[in-house]
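A quick write-up on the structure given underneath.
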Amino acid sequence: MAQVLVSEFYHTGMKKPKRRYAIKGGLIPPFTLVIDKDRYVMPGWYKLSKDEDMPNIKDIAYYPFKAKRPHLPNIDKDKVYKVISSKGDSHYDVKMNSSGSMECTCPGYGFRRRCRHIDQVIK
């Protein structure tokens, strides 16, 4: 969820503070919205008071949400690792797919998208 951050400051001789806005998180760039007589800074639904001026969109700082990249080992995409099953009677192939995530041929990976075979190759 996006947050609206507000900072205000005074200079000598000012009667009311100068406000600055920033949007942190979220995927939508900032905009203003008027519903009936209520004014909002969006996203985040920050309601402006009656005596507050409507901010210029260019003056609103925007810090979009960035997903963290998963830590993956330095493994070739063409290399296939053969890992022995827990019973020891068969083996499964573990490789890195085109999107950069690991995949396994075991049935557990088919259900959970995670398995101990991938953990073994990463370690």
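Pairs are defined by a Cβ separation below 9 Å, a sequence spacing of at least 6 or placement on different chains, a first member in the stretch 6-25 that is of a type in the set (Asp, Glu), and a second member that is assigned to a strand (DSSP E or B) and open to solvent by 100 Å² or more (accessible area, probe 1.4 Å); the pairs so defined are 8/18; 8/20.
For every residue, the table says whether it meets (1) in a loop (DSSP other than H, G, I, E, B); (2) at pLDDT 85 or above.
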residue	(1), (2)
16	yes, no
39	no, yes
53	yes, yes
83	no, yes
89	yes, yes
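Taken as a whole, the condition of being more than 29 Å from the chain's Cα centre (by Cα) and touching a residue at least 40 places away in the same chain (Cβ under 8 Å) does not apply to residue 46.
Name the one entry in 89, 78 that is farther than 30 Å from residue 24 by Cβ, over 33 Å from the mean Cα position of the chain (by Cα) and surrounded by fewer than 11 Cβ atoms within 10 Å (Cβ to Cβ). Show your work before the answer.
Numbers: 78 fails: over 33 Å from the mean Cα position of the chain (by Cα).
Of 89, 78, the one residue that is farther than 30 Å from residue 24 by Cβ, over 33 Å from the mean Cα position of the chain (by Cα) and surrounded by fewer than 11 Cβ atoms within 10 Å (Cβ to Cβ) is 89.
Of all residues being in contact with an Asp or Glu (Cβ under 8 Å, 6 or more places away or on another chain) and among the hydroxyl-bearing types (Ser, Thr, Tyr) in the stretch 92-123, which is least open to solvent (accessible area, probe 1.4 Å)? Just the residue, please. The extreme case among them is 109. Exactly one residue out of 69, 20 is farther than 30 Å from residue 105 by Cβ, open to solvent by 100 Å² or more (accessible area, probe 1.4 Å) and either at pLDDT 85 or above or assigned to a loop (DSSP other than H, G, I, E, B) (or both): that is 20.
The values are calculated or read from the model by the stated rules, or taken from the named source; none is laboratory data. It should be emphasised that the depicted structure is a prediction, and the values quoted were computed from it without experimental measurement. We place every Cβ from the backbone using ideal geometry, glycine too, and count neighbours over all the protein chains shown. Ligands, DNA and RNA are excluded from the accessible area calculation, which covers all protein heavy atoms including side chains. Shrake-Rupley method; radii C 1.70, N 1.55, O 1.52, S 1.80 Å.
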